[in-house]
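Okay, so here's the structure we're looking at.
Nothing in this text is a laboratory measurement; each read-out follows from the coordinates by a stated rule. As the structure is a prediction and not an experimental result, all values here were calculated from the model. Every residue, glycine among them, receives a Cβ derived from its backbone with ideal geometry; neighbour counts consider all protein chains shown.
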Amino acid sequence: MVEQIIQDIKQQGWSYLEGVLDASFLSTLSILYADNFVPAMVGKASERQRMEEIRGDLTFWLDPLNPPSQLRELIHLLNELKQHLNQHLYLGLKDFECHLAKYPIGSFYKKHLDRFETNASRSLSFIFYLHEEWNDKDGGELILYNQKHEIIKKILPKPGSFIIFLSEEFPHEVKPCFRERRSLTGWMHTKILN
């Protein structure tokens, strides 16, 4: 898996892998989606606000140093991936942040870039899809665009799949979902986070 990700990022700036997480692992995560989620915000710091016309997901931020027991193995995998990416691609990754996300039926996230103009530390964006079932008719596709805003990839959020991409290179959006869409979403940074 790691070798494929490194090769893909080197060649095209993104990597998508199916079947990274198996069904038995995904079935253990349902309890994490019971409560504690809050509406996701847009903007930075004091300008953060809820804007459902831009995004409708709910999030639960995780502490990577003290994750829920069900996610410890996944957080360990992310730490190992960060080390390999630094070894082979010299990205200078120092830390990462992540949250659980759920998109209720009908929700979406309009096209955006994950890297803030005033803070360029987000280097890589990543998503693990954690729902147990997904069909073509369920929507919720992740659309990756190039810098000219041309579609380069449509990704159906298949259970257990993983995508990682350069945060500053790929505007992206989540199309409306017709089933609850669940993920662990995060960013690898070139600075230590507080």
> For GLY140, which sequence-distant residues (separation of 5 or more, or a different chain) have an amide H within less than 5 Å of its own amide H, given hydrogens modelled in the peptide plane?
Replying inline: LYS175, CYS177, PHE178
> How much FRET efficiency would the formula 1/(1 + (r/R0)^6) give for ALA34 and ASN194, where r is the Cβ-Cβ distance and R0 is 25 Å, rounded to 0.05?
Replying inline: 0.35
> Using θ = phi - 60° and the Karplus form 6.51 cos²θ - 1.76 cosθ + 1.60, what ³J(HN,Hα) does each residue of region 136-149 get, whole Hz, x for Gly and Pro?
Replying inline: 3, 6, 7, x, x, 5, 8, 10, 9, 10, 8, 5, 8, 6
> If the label point is 7 Å along Cα→Cβ of PHE178, which residues in region 134-172 have backbone nitrogen under 12 Å from it?
Replying inline: 135-141
> Ranked by Cβ crowding within 10 angstrom, fewest neighbours first, how are MET1, MET188 ordered?
Replying inline: MET1, MET188
> Given that just one value was derived from the coordinates, which of [x] 0.95; [y] 1.03; [z] 0.92 is Rg/Rh (Cα atoms, Kirkwood Rh)?
Replying inline: [z]
> Using helices alone, what [θ] at 222 nm do you get for the chain, with -39,500 (n - 2.57) per DSSP H run of 4 or more residues, divided over all residues and rounded to the nearest 500?
Replying inline: -5500 deg cm²/dmol
> Near the amide H of PHE96, under 5 Å away, which other amide H atoms are found, from residues 5 or more places off or on another chain, if H is placed in the peptide plane?
Replying inline: HIS189
>> Students often forget the sequence filter, so: which lysines lie under 19 Å Cα-Cα from LYS148 once same-chain residues fewer than 8 apart are removed?
In response: LYS110, LYS111
>> Suppose each label sits 7 Å from its Cα in the direction of the beta carbon; what would the GLN147-GLN7 distance come out to in nanometres?
In response: 2.7
> Once the piece of chain linking GLN83 and SER27 is laid out straight, how much longer is it, given 0.36 nm per residue of separation minus the C-alpha distance between them?
Replying inline: 17.3 nm
>> A 27 angstrom limit on the alpha carbon distance is what I want to check against. Which of LYS82/LYS153; LYS154/LYS191; LYS10/LYS154 exceed it?
In response: LYS154/LYS191
> Short version: ³J(HN,Hα) in whole Hz for each residue of region 172-179, in order, from phi by Karplus 6.51 cos²θ - 1.76 cosθ + 1.60 (θ = phi - 60°), x for Gly and Pro, what are they?
Replying inline: 8, 8, 10, 6, x, 9, 10, 7
> Can you run phi through the Karplus equation (6.51, -1.76, 1.60; θ = phi - 60°) for region 50-59 and list ³J(HN,Hα) in whole Hz, with x for Gly and Pro?
Replying inline: 7, 9, 5, 6, 9, 8, x, 7, 10, 10
>> Sort SER30, SER107, SER69, SER183 by Cβ crowding within 10 Å, fewest neighbours at the top.
In response: SER69, SER30, SER107, SER183
> Taking Rh as the Kirkwood radius computed over C-alpha pairs, what is the Stokes-Einstein D of region 1-116 at 37 °C in a medium of viscosity 0.692 mPa s, expressed in µm² per second?
Replying inline: 198
